[in-house]
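Below is one structure, written out as structure tokens; the observations come after it.
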Amino acid sequence: MKKVHFIGIGGIGISAIARFLNEKGYTISGSDIAESKTTRQLQNEGIEVITPHCANAIKDQDFVIYSAAIKDDNIELVTARQKGIECLSRKEALPMVLDEKKVFAIAGAHGKSTTTAMLSSLIEGSAIIGAISKQFGSNMRYENSQNIVFEADESDSSFLNSNPYLAVVTNAEPEHMEHYDNDLAKFHAAYRGFLERAKVRVINAEDDFLGTLKIDAIRLYPSKDITEMSMVVRDYEPYTSFNLKNLGKFEAYGMGEHIAIDASLAILAALDELPLKQVRQNLANYKGIKKRFDILKADKNFILIDDYAHHPTEIKATLKSVFEYAKLLGISRIVGIFQPHRYTRLSANIDEFAKCFDGVSELVILPVYAAGESVIEVDMREKFKSYAPIFTDKIQRLDDAIEFVDEYGVKHRLDNGLVIGFGAGDISVQLRGKK
């Protein structure tokens, strides 16, 4: 079997592909800039991982796959090309990874990881997700099956290489526009191309763009098709129940309208494969995904939640769920901790970010997680002044509380009410500490 080396193997998307090929029988090695929880887990799974990147990692591999974060001057990429080893970006490798599979591909600006994890609960087969499913404790599940549920990424247009049998689009809100030369027509054409490649299509028809498509598709109109929605908390765990079209009642793990929408799209996709009764039963297997309304600590005095939301639309939707959850538990104090992710995203959406925390009791703001980007100056103090925010360099999990020192040297301890952290950077690590 062929030998494959992954550069940037610690990334959430590329590590899932490495795991998948490893299970398929390929000999996998990988490298990353630094050791992480993911690289340690991969080593425990029998994959050789080297940190940091070095030329010696390139030996006699048949080909190299590299993540979108890897630049052309990366020492391993340079060495592999000098040796004449075929080098593929993650995007270019997808046709090989998904070869001869019946692909159920899910794309969209928001909700695609949740919808992918939900669909992987409903349909038998392998799964490659850009998040950790709590159901199977990984971002990858391998089954000896023709079916594969795949989270398809629009950020680099790689979803066009996913060869979908069935395509789901949760929404098509503009994101990662720099990849599309800030051209909305080019961005929309990519989504149209993704859908046109599939035999079966499921779309949120109330999305501004998706609703205009003249294409054969199973359409969800959330405002009409989802009715009698209610939320319940059992032993601090959140659930949303709802009626979908004429199919009856369903219950999904999680809280909020966006959970009902994501679940509905997954249900409509699964009904192409399975009987209704089986779909309803299988939905109970879904237990959420790591970093999405991820409850780290819960008792009558203190709730701590980690959430990956890093775009105003996502933060607003999650906070709506938080307010509902807190209300059901009789909690009135809600503290938001915000770590902006990428200067380009922050500056492009600053006015929306400044509005999306309405309703929180307090707002704590961490430095921007640059993700390798150059600094773009944003006057955070001015933009967020309506919240009287507290600025800090980092937060720390101590016992069952969050502690930090603000910019004036004052120490704070958060150990009552509900605290939720938002961001796609290292805020998750800070919130969890060693727990």
Taking Cα pairs closer than 8 Å and at least 6 residues apart, the relative contact order of the chain in percent is 11
Going through Lys2/Lys91; Lys83/Lys290; Lys186/Lys385; Lys37/Lys71; Lys37/Lys411 one by one, the pairs whose alpha carbons sit over 31 Å apart turn out to be Lys83/Lys290; Lys186/Lys385
Here the range 136-152 yields Karplus 3J(HN,Hα) values (6.51, -1.76, 1.60; θ = phi - 60°; whole Hz; Gly and Pro given as x) of 10, x, 7, 8, 9, 10, 10, 9, 7, 9, 6, 6, 9, 8, 9, 7, 9
In the chain the accessible area split gives carbon plus sulfur, as whole percent at 1.4 Å, a share of 47
Here the range 393-403 yields Karplus 3J(HN,Hα) values (6.51, -1.76, 1.60; θ = phi - 60°; whole Hz; Gly and Pro given as x) of 7, 6, 10, 9, 8, 10, 6, 10, 8, 10, 10
antiparallel share of DSSP beta bridges within the chain, to nearest 5, in %, is 35
With every protein chain kept in place and a 1.4 Å probe, the chain has an accessible area per residue in Å² of 43
Given backbone amide H placed at 1.01 Å from N, residues whose amide H is under 5 Å from that of Phe63, ignoring those fewer than 5 places away on the same chain, are Lys3, His5
Cα-Cα pairs in the range 217-375 separated by more than 20 Å, as a whole percent of all pairs, come to 56
Residue-normalised 222 nm signal for the chain, counting each DSSP H run of n ≥ 4 as -39,500 (n - 2.57), nearest 500 deg cm²/dmol, is -8000 deg cm²/dmol
Quick note, the range 118-183: a/c under 1.5 would make it rounded; otherwise a/b > b/c is prolate and the rest oblate (a ≥ b ≥ c, C-alpha gyration tensor); here it is prolate
Row for the range 1-124, column shape: gyration tensor on C-alpha, a ≥ b ≥ c, rounded if a/c < 1.5 i.e. under 1.5, prolate if a/b over b/c, else oblate; value prolate
Under the Karplus relation with 6.51, -1.76 and 1.60 and θ = phi - 60°, whole-Hz ³J(HN,Hα) for the range 48-62, x at Gly and Pro, equal 6, 10, 10, 9, x, 4, 8, 4, 5, 5, 8, 10, 10, 5, 6
Measuring from its Cα centre, the chain shows a charge dipole (+1 at each Lys and Arg Cβ, -1 at each Asp and Glu Cβ) which, in debye to the nearest 20, is 960
The range 274-394: antiparallel bridges as % of DSSP beta bridges, rounded to 5, reads 35
Taking a straight Cα-to-Cα line shorter than 24 Å from Lys249, and setting aside same-chain lysines fewer than 8 residues away, one finds Lys112, Lys134, Lys224, Lys277, Lys287, Lys320, Lys327
Excluding residues fewer than 8 positions from Lys199 in its own chain, the aspartates and glutamates with Cα under 18 Å of it are Asp99, Glu100, Glu151, Asp216, Asp272, Glu273
Per the C-alpha gyration tensor (a ≥ b ≥ c, the square roots of its eigenvalues), the range 62-118 is rounded if a/c is under 1.5, else prolate if a/b beats b/c, else oblate; here it's oblate
Listed by chain and number, the aspartates and glutamates with an alpha carbon less than 18 angstrom from that of Lys383, same-chain partners under 8 positions apart left out, are Asp351, Glu352, Asp358, Glu362, Glu407
For 315-324, 245-254, 167-176, ranked highest to lowest by mean beta-carbon neighbours within 10 Å, the order is 167-176, 315-324, 245-254
Using alpha carbon centers only, the range 38-57 is separated from the range 266-295 by a whole-angstrom value of 33
Amide H neighbours of Ile365 at under 5 Å, excluding residues fewer than 5 places away on the same chain, with H built from the backbone geometry, are Phe338, Ile390, Phe391, Thr392
Quick calc: nm separation of the 7 Å Cα→Cβ label points for Lys214 and Gln146 -> 3.4
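The values are calculated or read from the model by the stated rules, or taken from the named source; none is laboratory data. Predicted, not measured: the structure shown is a model, and the values here were computed from it. Counting neighbours? That spans all protein chains shown, and the Cβs are built from the backbone with ideal geometry, glycine included. Please note that ligands, DNA and RNA were not included when accessible areas were found on the heavy atoms of the full protein model with its side chains. Shrake-Rupley method; radii C 1.70, N 1.55, O 1.52, S 1.80 Å.
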